[in-house]
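The values are calculated or read from the model by the stated rules, or taken from the named source; none is laboratory data. These numbers come from a predicted model, not from an experiment. Cβ coordinates were reconstructed from backbone atoms using ideal geometry, including for glycine residues, and neighbour counts include every protein chain displayed. Surface accessibility is based on the protein's heavy atoms, side chains included, excluding ligands, DNA and RNA. Shrake-Rupley method; radii C 1.70, N 1.55, O 1.52, S 1.80 Å.
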Amino acid sequence: MKALKITGYGNPKENLDMQEVALPSIKENEVLIKIHAASVNPIDNILLSGAFDAVMPVQFPGPIGFDVAGTVIEKGAAVKNFNIGDKVYSRLSEAGAIAEYVASDSAIVAQKPTNISFEEAAGLPLVGLTAMHSLKNLGRIKAGDKVFIQAGSGGVGTFAIQYAKSKGAYVATTTSTKNVEWIKSLGADLVIDYTKEDYTKFISGYDIVLMAFGDEHTLEVINSVNNVGKLIGLNGALDKDALDAWGVQGEQRAYLENAGKHVLEAAMEKGIDYRFTVHELSAAQLDEITQLVENKAIKPVVDKVFGLDDSIQALEYLASGRAKGKVVIQVQP
Ligand SMILES: NC(=O)c1ccc[n+]([C@@H]2O[C@H](COP(=O)([O-])OP(=O)(O)OC[C@H]3O[C@@H](n4cnc5c(N)ncnc54)[C@H](OP(=O)(O)O)[C@@H]3O)[C@@H](O)[C@H]2O)c1
């Protein structure tokens with residue numbers, strides 16, 4: 001089968017290679033998924049760059065991609081919750097989504113929503129689990145909360161806006177001029193054009209502030225915004241729970257603790273509860289996403305669909321930072 005491989009740390013053009021590899025064999029708790037579609041996420045480019053070597057080192061040639069939608073074609077003896085032919089989706093525990101087949105623990109696989117395509121379904125798991133962990137598990141979102149979501153036009157943002165609205169929250173978000181009207185149509189109550197206005201002036205007193213782009217922006221909030229309920233980071237300073245969740249120890253832990261210390265200290269000094277999101281791989285949460293999509297509370301947002309042989313272009317497009325919703329790879333019919 002075809003599988004995209006990371007051949008060394010670097011960039012998509014020079015360090016990715018489509019290779020012919022053996023079909024994966026399955027363990028008794030696993031299903032073999034024929035992949036119809038995959039989606040790409042910033043973590044794929046981060047792992048490829050080597051920037052996450054301290055947390056998730058890549059063994060070369062290493063697999064890439066975490067989001068899949070496809071059909072179950074084989075199952076292990078202990079798998080009771082799936083049948084051959086089931087149409088499923090998953091955020092894989094180990095990379096390997098940009099390939100024709102993948103073996104996965106059935107405990108992190110769910111039935112895909114019936115009312116959307118495989119391409120749309122492949123765009124949901126990682127961003128959906130991230131938005132839900134941030135807003136529900138860490139943010140304890142409830143009706144009437146005021147929620148700020150940085151980068152409403154990205155993969156996470158397009159899901160998070162709709163999720164927060166489905167919970168009855170008031171949602172403010174940022175995007176650039178060209179995306180403002182479109183993001184309003186996703187249900188956001190206040191869309192701030194970050195190229196024209198300082199978003200920090202609007203979000204004092206918010207219950208949840210979800211920051212997408214790292215320490216510089218997170219510090220802007222800590223320094224300029226008052227009465228923040230929960231400040232949640234998707235990128236940048238890692239708190240103790242995040243380091244524990246990833247099992248980072250020793251020198252790497254000391255290095256990462258030191259890298260994020262100034263943010264954690266600044267938050268603590270201002271009495272702000274800062275948390276870093278490490279989303280859970282949870283079939284129960286995927287089932288909840290399936291319900292939300294089937295009830296039309298959440299609509300998948302797909303920007304571009306690339307063919308499997310154009311996977312490198314898909315990762316380059318995502319790395320441009322301008323994607324509007326999800327970047328998807330159509331793998332096989
Ligand atoms: N911790 C976790 O579990 C986890 C999981 C998923 C993602 N993440 C992180 O979350 C972040 C977002 O991920 P994603 O998948 O949504 O990324 P993405 O889809 O690549 O985001 C692209 C979008 O970001 C917007 N954008 C860029 N700079 C912006 C700025 N300064 N202010 C507001 N919007 C801006 C762009 O809109 P314009 O073209 O209008 O600028 C574009 O629509 C990334 O840093 C990613 O690494 C973390």
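Tabulated values for the structure
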item	result
Members of the range 149-168 found to be without any contact (Cβ under 8 Å) to a residue 60 or more places away in the chain and under 13 Å from residue 213 (Cα atoms), listed by number	152, 157
Matching entry among 31, 55 (being within 15 Å of the ligand (Cβ to nearest atom) and either out of contact with any strand residue (DSSP E or B) (no Cβ under 8 Å at 6 or more places or on another chain) or not charged (D, E, K, R) (or both))	55
Yes/no for residue 34 being of a type outside the set (Ser, Thr, Tyr), surrounded by fewer than 17 Cβ atoms within 10 Å (Cβ to Cβ), assigned by TED's automatic domain parsing to the domain that holds residue 118 and closer than 17 Å to residue 122 by Cβ	no
Flag if residue 73 is assigned to a strand (DSSP E or B), modelled with pLDDT of 95 or more, surrounded by fewer than 18 Cβ atoms within 10 Å (Cβ to Cβ) and β-branched (Val, Ile, Thr)	yes
Flag if residue 100 is within 16 Å of the ligand (Cβ to nearest atom) and of a type in the set (D, E, K, R)	no
Matching helices (runs of 4 or more DSSP H) fully within the range 94-170 where at least 3 residues are open to solvent by 20 Å² or more (accessible area, probe 1.4 Å)	118-122, 155-166
Unique match (being among the β-branched types (Val, Ile, Thr), under 23 Å from residue 40 (Cα atoms) and within 15 Å of the ligand (Cβ to nearest atom)) among 263, 293, 248, 278	278
Of all residues making up the range 192-209, the number that are more than 9 Å from the ligand (Cβ to nearest atom), open to solvent by 20 Å² or more (accessible area, probe 1.4 Å), in contact with a helix residue (DSSP H, G or I) (Cβ under 9 Å, 6 or more places away or on another chain) and of a type outside the set (D, E, K, R)	1
Positions within the range 319-333 being over 20 Å from residue 36 (Cα atoms) and either near the ligand (Cβ under 7 Å from one of its atoms) or in contact (Cβ under 8 Å) with a residue 40 or more places away in the chain (or both), in sequence order	319, 321, 322, 323, 324
For residue 302: the one exception among (1) away from the ligand (no atom under 14 Å from the Cβ); (2) within 25 Å of residue 213 (Cβ to Cβ); (3) among the aliphatic types (A, V, I, L, M)	(1)
Filter result for residue 178 (within 11 Å of the ligand (Cβ to nearest atom) and free of Cβ contacts under 8 Å to residues at least 12 places away in the same chain)	yes
